[in-house]
């Protein structure tokens, strides 16, 4: 007796092979609970996930471009900060030098004011 699977009487692959449509068990093709419908649902689900992943990758690309722009701005800001810091350092060095020269001048003036009268009085 021949099963519902196979390609005809007396073939070597009796009981193996793909089921024929007219001999397929009920519910295995067509219908909302069939294997083909389940496979199509799975494919649709995978395609949906892949589309989401593509959208995420595109979003990441946009984020990377935004980050590159911010990085460039930060580099420009850092270069400007270095220039300003060097200018401030030079300005502060000159102020410090002027203060030292003023203090040295005052000390020299005091020494002259104190020493000259003493030397003049001893002669």
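None of the figures in this text is laboratory data; all of them are computed from the coordinates on show. Small disclaimer: the values here were computed from a predicted structure and weren't measured.
Given 0.36 nm per residue, what is the gain on full extension from residue 67 to residue 45 after removing their alpha carbon distance, in nm? Walk me through the numbers before you get to the answer.
Numbers: separation 22, 0.36 × 22 = 7.92 nm, distance 3.25 nm.
Working it through step by step, the gained length comes to 4.7 nm.
Projected over every direction and averaged, the convex hull enclosing the alpha-carbon atoms of the range 31-122 yields 10.6 nm².
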